[in-house]
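Colleague: Pasting a structure below so you can have a look.
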Amino acid sequence: MKRIISGSLLILILVLILGLLVNNGYASPDVEIIRGAQLYDDWAKLISPALTLTGNHPIWDRQDTATMSGVDTWRCVSCHGWDYKGNEGAFRSGPNYTGFPGIYAAREMDPSELEGTLAGVNDELHNFSPYLGESDLQAMVVFIQNGLIDDNEYIDPVSLKVLGGDLANGQALYSSTCAQCHGEDGRQIQFRYEGQDINLGKLAGQDPWRFLHRTRFGTARAPEMVVGASLGWTAQEGRDVLLYAQTLPTGLELENTPSIGEQTPGSGEQPGGPASNVFTGILTALGAIATGLGFAIILGALLIGIILLIVWFLRGRK
């Protein structure tokens, strides 16, 4: 009888502890939000770098203003924008204008209805279920309903500068996290943008919404990148980092630097991360693992200690 009571007590304590961990964010839904955000950015690159999509997305032919073609037309962001507002946001004019609506209002949709929209229930040409599994479709839903942030009122539509940010806080956050890979001046890594090689400062100035999306949620092109959602940055802290990044140099004096996103022709470098050699690559990977698993390790040790204490207590009462 004592063994039954002891076993039941132990199970109850474990359930309570796991419940506390989940409710306090240690089993974080941010994992799904980050996955969904990266799928929104470039789902084909995320699910399979070797996946080949031919021609334009079928829906792309419904517009004739944007000249983009090929694999990029299959990306959600190409239609709905980095600010998630589509034809009512940053894509309301210019070379990226398509006339397609945004997804910001979809936050209010029922989850099953939203997943159905992604699976082509309302429009058979908008069916991504042949490519995305159930878990990825659900991650997209979680991102749309819980991860979208409206930054437009904090960014000047003409100058594209951040309004009302905290420059000192942005510098502190950048120096403690981003500078480790991008360098203090933001020129340590180059990446492809609109057919050109640019650095972090230039991206922040030219496309602040893309900067915010990727610093918050990362990109499939650099899976080891430490992102704001994992660090617990608030929406304002993300904009503070953007504000500071907009003060960084925009020139490209450094040569032979790694490229994120697309390989620079003739460079011989492989895309996908900030590591410039094997040693720094290992350090970067360990840093990312430590960031994601630090709490889990500490809490796991605490859990084992509690279990041992319970067992010792029960044995001592025999």
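Laboratory data are not the source of any read-out in this text; all were calculated from the coordinates shown. Worth saying up front: this structure is predicted, and the values here are computed from it rather than measured. Every residue, glycine among them, receives a Cβ derived from its backbone with ideal geometry; neighbour counts consider all protein chains shown.
Colleague: Using the basic label-point model (7 angstrom from Cα toward the beta carbon), what is the His126 to Gln206 distance in nanometres?
Modeller: 3.1 nm
Colleague: While we're looking at this one, here's another question. In whole Å, how far is the Cα centre of the range 113-143 from that of the range 174-200?
Modeller: 33 Å
Colleague: For the range 157-260, divide the Cα radius of gyration by the Kirkwood radius and give the resulting Rg/Rh value with two decimals. Display every interim value, and only then the final one.
Modeller: Values: Rg = 12.6 Å, Rh = 13.6 Å.
Ratio of gyration radius to Kirkwood radius for the range 157-260: 0.93.
Colleague: What relative contact order, as a whole-number percentage, does the range 30-148 give when Cα pairs under 8 Å and 6 or more residues apart are counted? Don't skip to the answer; put the middle values down first.
Modeller: Details: 163 pairs, mean separation 35.6, N = 119.
Relative contact order of the range 30-148: 30 percent.
Colleague: Mind giving me the FRET efficiency for Asn146 and Asp64? R0 is 35 Å, r the Cβ-Cβ distance, nearest 0.05 is fine.
Modeller: Values: r = 35 Å, r/R0 = 0.99.
My answer for the efficiency is 0.50.
Colleague: Further question on the same structure: Out of all Cα-Cα pairs in the range 30-148, roughly what percent, to the nearest whole number, are more than 21 Å apart?
Modeller: Working: 2375 of 7021 pairs.
Beyond 21 Å sits 34 percent of the P(r) for the range 30-148.
Colleague: Roughly what would the spin-label model give for Lys161 and Leu231, points 7 Å off Cα along C-beta, in nm?
Modeller: 2.4 nm
Colleague: With a sphere of radius 13 Å drawn around the Cβ of Val142, what net charge do the other residues whose Cβ falls strictly inside it have (Lys, Arg +1; Asp, Glu -1)? Display every interim value, and only then the final one.
Modeller: Working: positive: Arg35, Arg107; negative: Asp30, Glu32, Glu115, Glu134, Asp136.
Residues close to Val142 contribute a combined charge of -3.
Colleague: Extending each Cα 7 Å along its Cβ direction at Ala172 and Ile47, get the distance between those two points in nm, one decimal.
Modeller: Calculated label separation equals 4.3 nm.
Colleague: Using a Förster radius of 25 Å, what is the FRET efficiency between Thr250 and Thr54 based on their Cβ-Cβ separation? Nearest 0.05, please.
Modeller: Numbers: r = 36 Å, r/R0 = 1.44.
About 0.10, to the nearest 0.05.
Colleague: So, one more: What does the convex hull of the Cα atoms come to per residue for the range 88-224, in Å³? All intermediate terms of the calculation are to be shown ahead of the outcome.
Modeller: Values: hull volume 20.9 nm³, N = 137.
Normalising the Cα hull of the range 88-224 by residue number yields 153 Å³.
Colleague: What do the square roots of 5 times the Cα gyration tensor eigenvalues come to for the range 137-203, in whole Å, largest first, as semi-axes of the equivalent ellipsoid?
Modeller: 24, 18, 16
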